[in-house]
1. Looking at (1) part of a strand (DSSP E or B); (2) open to solvent by less than 30 Å² (accessible area, probe 1.4 Å), which one does ALA111 not meet, given that it meets all the others?
2. I'd like to check something: does the range 102-122 contain any residue that is more than 21 Å from SER17 (Cα to Cα) and touching a Gly at 6+ places or on another chain (Cβ under 8 Å)?
3. Looking only at the range 29-55, count every residue that is surrounded by 15 or more Cβ atoms within 10 Å (Cβ to Cβ) and within 14 Å of LEU112 (Cα to Cα) and tell me the total.
4. What number of residues within the range 53-96 are part of a strand (DSSP E or B) and closer than 18 Å to GLY121 by Cα?
5. Suppose we keep only residues that are modelled with pLDDT under 95 and touching a Gly at 6+ places or on another chain (Cβ under 7 Å) within the range 53-72. Which one would you say is nearest to LEU19 (Cα to Cα)?
Amino acid sequence: MPPSDGDGSPVETREGSPLSVDEKRAMVRELDRAVRYGGPGLTTSSWPTVPGCEATFALAEDERIEVRLAYDAGRLPGPVTVPSVDGDAGDLVTRGQPPTAFVDLSAAHGALYEDLTDAAGRAVDPYAVTVPDTPVARAAGDGVVSFVAGLELLTGSGSSERRLFDLE
C-alpha cells in the first residue's frame, strides 16, 4: 500500500462523534506509519471510541484496510444479531441473519464510523479508500461483539495519480 505524505490537511470530527480532533490525528499518524513501514497482518493500537467499544485498523493481504470494532456486549445500546456466536455473548446478542450494522446502533455510531474512514483515507493520501456502508456484526464471544468492514484503496484507473474522494 502506498503511504501518505503526512497528515498536513485539516483534521476535523463530525457533529456527534465521540472522537476528539487529537484522537483522530493520532489514528491518522499511526495508520500512516503502519501503511508506510508495515505489511499485511499488521494491526494498529486500539482506541477507545464510544463507551465499551474500541477501534483497531489492520492491513490486509489484498490492498485493504480493515476497520475492526470490538464492542463489550454488556455496553451495547440495544440488541444486535450476529452470524456467529461462541460461548457467552450477552443478553443483547442473538445469532441470525442479517447481521446488525454498526451505524444502525445510533447517530453517534454513524458519526464515529465516518471519522474512522476519514482517518483511514488521510493515512493513505494521495490515495483514497472506498467506504462500505458500515461495519457489520461478524461474531460474538467471550462478551465481545466484533464489527468489521474492509476499506479498499482507490487509485483511479490503475494509476497512482491522486483521485479526489471527499469523505466530509
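The values are calculated or read from the model by the stated rules, or taken from the named source; none is laboratory data. Note that this is a predicted model, so its numbers are computed, not measured. Neighbour counts run over all protein chains shown; Cβ positions are idealised from the backbone, glycine included. Only protein heavy atoms, including side chains, enter the accessible area calculation; ligands, DNA and RNA are left aside. Shrake-Rupley method; radii C 1.70, N 1.55, O 1.52, S 1.80 Å.
1. (1)
2. Taking the range 102-122 and keeping what is more than 21 Å from SER17 (Cα to Cα), we get none.
No, every residue in the range 102-122 fails to be more than 21 Å from SER17 (Cα to Cα) and touching a Gly at 6+ places or on another chain (Cβ under 8 Å).
3. 7
4. Here the count works out to 11.
5. This residue is GLU66.
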